[in-house]
Amino acid sequence: AQSVTQLDSQVPVFEEAPVELRCNYSSSVSVYLFWYVQYPNQGLQLLLKYLSGSTLVESINGFEAEFNKSQTSFHLRKPSVHISDTAEYFCAVTEGSNTGKLIFGQGTTLQVKP
Amino acid sequence: DAGVTQSPTHLIKTRGQQVTLRCSPKSGHDTVSWYQQALGQGPQFIFQYYEEEERQRGNFPDRFSGHQFPNYSSELNVNALLLGDSALYLCASSRLALSSYEQYFGPGTRLTVT
């Protein structure tokens with residue numbers, strides 16, 4: 001069965017500092033990987049996704065994630081965070097042949113301090 | 001272009017009662033998935049509807065049922081409510097024919113069972 005583990009429940013960081021949110025998955029088949037962000041009292045927004053091709057994927061607001069098949073990881077990074085990045089971040093996986101069921105991690109709260 | 005909409009925003013019910021939550025998918029989308037997000041947890045997949053039929057189902061009891069209408073909107077019904085059903089219920093829509101595997105989430109319905 002697939003599963004997703006987000007290794008940090010909370011990550012406090014100062015503004016303009018770099019950050020890494022860690023995500024590991026387990027699956028016996030090929031997977032597609034996603035990072036979603038959830039701001040307070042809102043639904044989830046897709047931040048970035050890996051389907052195939054380059055293992056490094058980027059979002060429009062400066063986040064990037066790298067798919068590492070050998071380590072079954074999909075860590076999220078940003079070189080310089082802003083106060084507005086404060087939110088809950090969820091890593092998710094779905095099987096390559098399955099277009100429906102997303103399996104989410106427990107989430108990581110990113111707290112950006114001034 | 002309206003995104004995914006859900007109603008109501010908040011709902012308070014008593015144990016044993018029944019509840020119906022509603023979702024309208026993003027324009028052009030034909031598939032609706034429902035997720036339950038307990039406080040401090042990642043979303044968990046309940047089921048997915050396509051062409052008015054349940055296409056996939058997660059590990060939820062039969063008390064959870066759904067429906068999809070010809071206009072692709074969907075309802076989630078929960079019978080015999082338990083305190084543990086208190087959660088944020090998220091609806092996500094997608095277009096099955098696309099290979100982007102991207103799901104768009106609504107803002108959610110916050111259900112409180114007392």
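The values are calculated or read from the model by the stated rules, or taken from the named source; none is laboratory data. Just so we're clear, the structure is a prediction, and the values are computed from it rather than from any experiment. Every residue, glycine as well, gets a Cβ built from its backbone with ideal geometry; the counts of neighbours run over all protein chains shown. Surface areas here come from the heavy atoms of the whole protein model, side chains and all, with no ligands, DNA or RNA. Shrake-Rupley method; radii C 1.70, N 1.55, O 1.52, S 1.80 Å.
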Sole exception among (1) surrounded by fewer than 20 Cβ atoms within 10 Å (Cβ to Cβ); (2) in contact with a strand residue (DSSP E or B) (Cβ under 6 Å, 6 or more places away or on another chain) for A:N68, by number: (2)
Within the range B:1-39, the count of residues that are in contact (Cβ under 8 Å) with a residue 60 or more places away in the chain and part of a loop (DSSP other than H, G, I, E, B) comes to 14
Being within 14 Å of the chain's Cα centre (by Cα) and either open to solvent by 20 Å² or more (accessible area, probe 1.4 Å) or at pLDDT below 95 (or both) is the filter here; which residues of the range B:12-25 pass it? B:T20, B:R22, B:S24, B:P25
Which members of the range B:88-114 meet the condition of being aliphatic (A, V, I, L, M) and either within 9 Å of chain A (Cβ to nearest Cβ) or at positive phi (or both)? B:L88, B:L90, B:A92, B:L96, B:L98
Looking at the range A:51-64, can you tell me whether even one residue there is within 14 Å of chain B (Cβ to nearest Cβ) and in a strand (DSSP E or B)? yes
If B:G42 satisfies all but one of (1) part of a loop (DSSP other than H, G, I, E, B); (2) of a type outside the set (A, V, I, L, M, F, W, C); (3) open to solvent by 20 Å² or more (accessible area, probe 1.4 Å); (4) without any contact (Cβ under 8 Å) to a residue 24 or more places away in the chain, what's the number of the condition it fails? (3)
Out of the range A:1-60, which residues are closer than 22 Å to B:Y104 by Cβ, of a type in the set (S, T, Y) and at pLDDT below 85? A:S52
Run B:Y50 past the list (1) at positive phi; (2) out of contact with any Pro (no Cβ under 6 Å at 6 or more places or on another chain) and report the number of the one that doesn't hold. (1)
In the range A:85-111, what residues are at pLDDT 95 or above, open to solvent by 40 Å² or more (accessible area, probe 1.4 Å), outside any strand (DSSP E or B) and more than 9 Å from chain B (Cβ to nearest Cβ)? A:T86
